[in-house]
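Here the structure is laid out as structure tokens; the discussion comes afterwards.
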Amino acid sequence: MKSFSFKTISAIATLSASLALSAPALAKVEGDTIILGAAISLTGKYSTNGLHTQRGYDFAVDRINDLGGVKVGGKSYKLSVKYYDDESTPARAAQLAERLIQQDGVEYMLGPYGSGLTKAMAPVSEKFGVPMIEAEGASRSLFTQGYKYLFAVLSTSEQYLAPVVELAAAKAKAAGKEPSSVTIAMAFENDPFSLDVREGIVDTAKKYNMRIVIDDKLPADLSDMSATLTKVKAIKPDVLIVSGHSKGAATAARQIDEMTLQVPIVGMTHCEAAKVQEKFPAAANGFLCATQWVESSPKKDKYFGNASDWNAGFKKAYPEYTSVPYQSAQASAAVLVWKEAFEAANSFDKKQLRDAIAATDMETFYGHIRFSEFGNNIAKPMFMRQIDGDGNYNAIITPDDMVWPRKAQY
Amino acid sequence: MLGRRFLLYLLILGAGLAAPWFYPQYIQQMALLWIMVLMASTWDLLGGQMGYNSLGNITFFGCGMYISAVVQIAMFYDVAAYTSAFGAIKPEFTDEQYFMGLFLGILAAGFGAMLLSYLLGFIMFGLRGPYFAIGTLGIATAAGQLMGTIDYVGGGSGISMPFFPWAVEIRALFFYGLCFFLAAVAHLLLRWIYSTQFGLAINAIRDDEDKAEAMGIPTLKYKQIGWAITAFFMGCIGAVFGNMVGFIEPVEVAFPVATFGIFMVAMALLGGKGTLWGPVIGAVLFHVIKETTWTYLLGWQWVALGLILIINIVYFQEGIMGWLQRKFPEFFGITIDHAPPDKDAEQ
Amino acid sequence: MLFNLQILFDIAPITNIQLILDGIFIGAVLALGAYGLALVWGVMNVKNLAQGDFIILGGYIAFALAREGVHPVMALPIVMVLMAMLGWMVYVFMIRRVIEQDMFTSLLATFGLSLLLQQVMNLIFGPEVQVIDSHLPNYQLFNDSVTLPVVKLLSLGMVAVLAVLIVLFMRKSRMGQAIRATAQDERAARVLGINTDRIYAFTFALNAAICGAAGVMVSMIWVLQPFYGISYSLRSFAIVTAAGLGNLPGVISTGFGLGLIEQYTGFILGAEYQVASAVVMLLLVLVYRQRRAKRKRQVVR
């Protein structure tokens, strides 16, 4: 009885609302332009990477337009992105999802930067049935909610630094010790992405029965982690792992340099985005950096060529980069997926586009892209690279590629 | 006189109810507008009417949000499992579960925040002037940081709230209705309070607390009651906002000290503090300006906002209501006896 | 947590020295910012919430100069002069008008200024985290278990020199005496022919210059980001509120105290409690003071 009345109310309410709110026919395709919507962190704590992301989107959009745009139904359309500033807050991002869809009539979305913001936007776009291809939200929890309209071109975040633990175990074995003798110190920013990276490490450490001796969480605006690093210095763990977006990497590198920490293995995220190899070459020597993409990758596509072609083109468009962060690369890749999806579906219908995206199976300069039923890209591996004494990033494929213990020359 | 007031309220009620049907694309901004109105109005109960400038009312907003989240989830799932699973379980809420949880969650949020304000009052109300402002600001900042260390509620990973079960259009309407309802109730309640003896008593506290105490007003009790009313509404609206956003997280969503926490004060000042309508007008104006600059001045909106705040406070202290009252005193039934205003009342 | 205590007392007691040293270095920079705040608060009753943003701005100016090849230590006087000019301008356009208003107004007006500065820095310097390399060595003491970076030592020295200069300036110079007179009784000072408007302007400019100096140290020791100011503001307030106004030794020792508390909290409880620890200290001091004041009031009754 109760559920019946609920359903009745629901039905009546839906009916009356759909009558009143018969959404105004807003333009998602204006003339010969297809409009993608995106929320980007232009201000606030994620704005560094927000900018990397925006440039990645813009670069790909310009390239596709230069190459003749997107062909749908025999006609060529240009791409264009409508941006809003989400101010790095999930509250704003959630509002923006509704605003882009309801107010601006956007039906095709690109993702914001960061897992927290994607978490806030995904339920909304899902409810509206608007496909969102995101490039910067890596937290696993995004892909266990059963979202049908959320697709991510990147690998999930628990894969970021778990290989560091595997490498440590392999090195311990090679040195004739038990992997369980390895001690791990870690410091993570208190945000969804970094905590998910942490989860991956905790799981792997558990597998080898390793001991986690330091487990600190860094506040978002902490510019000093000397207390944590003093602990590291006192305990002398075998592995140190830090993750906290660009500023976490910059702060950690600066203070590792200052305290001349000699931890044999140091793992980090966002090394490239924070340019640690340029700013602290001595300390950064031997850092293990997780990356979604490497510019030496042989993968290629017809829009950009291979990874190093994209890299060169991007540097030409934005000369301020000496090394390009992978955040920009994956943003460009997300735009490519949209382009191919439009042409594969040959339609502007959200549902058909969604199916076209789900069926994506393409090679790009960023790597192979094929989505699982949950929406994450399962065709692309994560890469692990080590910074050498000259500031180069060298790929680590097997444990033998790694310089161990790292040779920091303070 | 009553007729005119009554008509005005009827007009606002009508506009509030009709607006979402005429401008469905703006429904979410309008919901936010009512939240802003509520925040500014309830801030003014302490800041304008009682002379206690709190910068930490956002504490109740955030605590309310978390209380309701815990209540909504705990009724049907184990919260720790829900938050620590990193989404590994996908909880389903039936319609009844959702609405019952939401209803109880909002109530619990209101009363929980009230209790919190009562307890905080013992510590905070001994502080006066800027010390109260800074102390409350500190509490709000610390609350966000500390909430992030509690793994039970997900820590820095936050909580994904149960999602509204029906169509998105209904969802928008539903939350709009809740915000409007809460703002209206708060407004009417405040209107009534200001007309009672309690209102006079808190004004007395504002004008000279020591004298008020000497006259036998139990100041601490009155201050606590005042803050409890504010806290109740902030808790409720926090719960509603958390469900509107759908994903809550301690520093940015639940305890946005530097945005909502300061905005509510700025809005009350813009409209004119110490008046019933000032915060409402200020909130409307501020919100419209904020959303407009946000749309058209991409990346520059905060510069604009900072400038507005400075100009407002530096050059337009009295606020809109103050200016209106000075220009058209008869309309407000104010008779002027040319006594100099008591400037250093607060010193 | 127990394990961390064990490190301190059992495994590596030498760590205490590192923590104390770091606490003092942080405390010195914090004390500088807090002293500027105490100055404007005490003299002109303005509570400057943009204090932290002045600090960060000073750091960014040093950063811009460092890009041109000026060593941050050399940049210090330039930064201080530029910041003083900015402070003077802010006074003329803003502060002058809020001085007469009630206490709360300056708090909000400077919050607006803080928003503005953050965003302008974001637009000019970009949101990337920036650092300046001072190219100074780090000494490793006690068999490599304690780090003593020369840059921190240097900044501690600069803070000490600045503090002495400020004290001398306040005691000996005409301007300093006038500032103190104005702080004690603004009306009497005016009657005696002191141009209080100029005193205020000078005080605010001095505060901005002090913040700029603190910013140079921040840029050499930690990292710069346009939005980091707020945490320095909050800590300045915590120190000034706890130490009281017009009390330079008090401000400096509270600054050191806060630095130590932060380091030890971060070490023992974990970095996630570090920010909250400053606030808890502030609240404890406020509550303690309130209890004391209450007792006093009861005596009067």
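The values are calculated or read from the model by the stated rules, or taken from the named source; none is laboratory data. Fair warning: this is a prediction, and the values are worked out from it, not measured in the lab. Backbone-built Cβ (ideal geometry, glycine too); neighbour counts: all protein chains shown. Each accessible area value is taken on the protein alone, full model and side chains, heavy atoms only, with ligands, DNA and RNA left out. Shrake-Rupley method; radii C 1.70, N 1.55, O 1.52, S 1.80 Å.
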* Write down the accessible area per residue of the stretch B:27-255 in Å², having rolled a 1.4 Å probe over the full set of protein chains. => 30 Å²
* Asked: Between B:MET100 and B:ILE150, what FRET efficiency follows from the Cβ-Cβ distance if R0 is 22 Å, with the result rounded to 0.05?
  -> 0.30
* Structure fact -> Ignoring ligands, DNA and RNA, the residues of the stretch B:25-47 whose accessible area with a 1.4 Å probe is reduced by 50 Å² or more relative to the chain alone are B:GLN25, B:GLN28
* Any aspartates and glutamates with Cα under 13 Å of the A:LYS206 Cα? List them, leaving off those in the same chain fewer than 8 positions away. => A:GLU166
* Taking only protein heavy atoms into account and a 1.4 Å probe, give the accessible area per residue of chain A in Å². => 32 Å²
* Structure fact -> Largest fluctuation, C:LEU286, C:LEU107, C:LEU248 only, Gaussian network model of chain C with Cα springs under 10 angstrom, belongs to C:LEU286
* Working with all protein chains in place, sort C:MET80, B:MET50 by solvent-accessible area computed with a 1.4 Å probe, largest first. => C:MET80, B:MET50
* Asked: Considering only protein heavy atoms and a 1.4 Å probe, what is the carbon-and-sulfur percentage of the accessible area of the stretch B:27-255?
  -> 69 percent
* Asked: Carbon and sulfur atoms: what percent of the 1.4 Å accessible area of chain A do they account for?
  -> 52 percent
* Structure fact -> Note on the protein assembly as shown, DSSP bridge orientation, antiparallel percent to nearest 5 equals 45 percent
* Structure fact -> The long-range amide H neighbours of A:HIS270, using H built 1.01 Å from N in the peptide plane and a cut-off of under 5 Å, are A:ALA290
* With no solvent and one point per C-alpha, what does the Debye sum give as log10 I(q)/I(0) for the protein assembly as shown at q = 0.05, 0.08, 0.09 Å⁻¹? -> -0.31, -0.83, -1.06
* Find how many whole Å separate the alpha carbon centroid of the stretch B:128-154 from the alpha carbon centroid of the stretch C:22-80. => 26 Å
* Cross-link list A:LYS71/A:LYS148; A:LYS217/A:LYS275; A:LYS236/A:LYS380; B:LYS273/B:LYS327: which exceed 28 angstrom alpha carbon to alpha carbon? -> A:LYS236/A:LYS380
* Structure fact -> If one builds a Gaussian network model of chain C from Cα atoms under 10 Å apart, the most fluctuating residue listed among C:ARG171, C:ARG180, C:ARG291 is C:ARG291
* Asked: Label 7 Å along Cα→Cβ of A:ASP401; the stretch A:257-298 residues with amide nitrogen under 11 Å?
  -> A:294, A:296-297
* Asked: Averaged over B:60-73, how many beta carbons belonging to a partner chain fall within 10 Å of each residue's beta carbon?
  -> 0
* To do: Evaluate the distance, in nm, between pseudo-label points positioned 7 Å from the Cα of C:ASP197 and of C:ALA293 along their respective Cα→Cβ axes.
  => 3.3 nm
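Given the alpha-carbon gyration tensor of the stretch B:27-255, what are the semi-axes of its equivalent ellipsoid in whole angstrom, ordered largest first, with each equal to the square root of 5 times an eigenvalue?
Ellipsoid semi-axes (Å, largest first): 34, 20, 13.
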* For the stretch B:1-76 and the stretch A:175-232, what is the separation of their Cα centres, given in Å? -> 43 Å
* Taking all protein chains together and a probe of 1.4 Å, list B:MET147, C:MET121 from the most accessible to the least accessible. => B:MET147, C:MET121
* If A:ASP224, A:ASP349 are ordered by their accessible area, calculated over protein heavy atoms with a 1.4 Å probe, which sequence runs from highest to lowest? -> A:ASP349, A:ASP224
* Report the accessible surface area buried between chains B and A, summing both sides, using a 1.4 Å probe on protein heavy atoms only, in Å² rounded to the nearest 100. => 4400 Å²
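May I ask you to compute the full-extension gain from A:SER296 to A:PHE348, defined as 0.36 nm times their residue separation minus their alpha-carbon distance, rounded to one decimal in nm?
15.2 nm
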* To do: Note down the magnitude of the dipole of the stretch A:144-212 about its Cα centre, charges +1 on Lys and Arg C-beta and -1 on Asp and Glu C-beta and zero elsewhere, to the nearest 20 debye.
  => 320 debye
* To do: Tell me the label-point distance for the pair A:ASP62, B:PHE332, using the 7 Å Cα-to-Cβ offset, in nm and rounded to one decimal.
  => 5.5 nm
* For chains A and C, what's the summed buried accessible area, probe 1.4 Å, to the nearest 100 square angstrom? -> 3200 Å²
* Asked: Roughly speaking, what % of Cα-Cα pairs in chain C are separated by over 38 Å, rounded to a whole number?
  -> 15 percent
* For the stretch A:204-305, what relative contact order do you get, as a whole percent, if you take Cα pairs closer than 8 Å and at least 6 residues apart? -> 22 percent
* Asked: Which of the cysteines in the protein assembly as shown are isolated, no other cysteine C-beta under 4.7 Å?
  -> B:CYS63, B:CYS179, B:CYS236, C:CYS211
* Structure fact -> Distance in nm between B:PHE76 and C:LEU168 label points, each 7 Å along Cα→Cβ, equals 7.3 nm
* Structure fact -> As a percent rounded to 5, the proportion of antiparallel DSSP bridges among beta bridges in chain A is 35 percent
* Most fluctuating residue given options A:MET268, A:MET132, A:MET382, as computed from a GNM of chain A linking Cα atoms under 10 Å -> A:MET382
* To do: Only counting protein heavy atoms at a 1.4 Å probe, give the residues of the stretch C:244-279, ordered by number, whose accessible area falls by 30 Å² or more when the other protein chains are present relative to the chain alone.
  => C:GLN263, C:PHE267, C:ALA271, C:GLU272, C:TYR273, C:GLN274, C:VAL275, C:ALA276, C:VAL279
* To do: Determine the dipole magnitude for the protein assembly as shown: charges of +1 sit on the beta-carbon of Lys and Arg, -1 on that of Asp and Glu, nothing else is charged, the reference point is the Cα centre, and the result goes in debye to the nearest 20.
  => 2000 debye
* To do: Using only alpha carbon pairs under 8 Å that are at least six residues apart, calculate the relative contact order of the stretch C:51-113 and give it in whole percent.
  => 21 percent
* Structure fact -> Sorting B:MET50, B:SER117, B:GLY282 by the position of each Cα along the dipole of chain B (Lys, Arg +1; Asp, Glu -1; all at Cβ), the one nearest the positive end of that ordering is B:GLY282
* Taking 0.36 nm per residue of separation and subtracting the Cα-Cα distance, what length does fully extending C:MET85 through C:PHE3 add? -> 24.4 nm
* To do: Note every residue of the stretch A:98-114 with a reduction of at least 50 square angstrom in accessible area, all protein chains present versus the isolated chain, computed with a 1.4 Å probe, or write none.
  => A:GLU98, A:ARG99, A:GLN102, A:GLN103
* Residue by residue through the stretch B:187-192, which ³J(HN,Hα) values in whole Hz follow from phi under the Karplus form 6.51 cos²θ - 1.76 cosθ + 1.60 (θ = phi - 60°), with glycine and proline marked x? -> 4, 5, 4, 5, 4, 5
* To do: Let me have the relative contact order for the stretch B:27-255, percent, based on Cα pairs under 8 Å that are six or more residues apart.
  => 43 percent
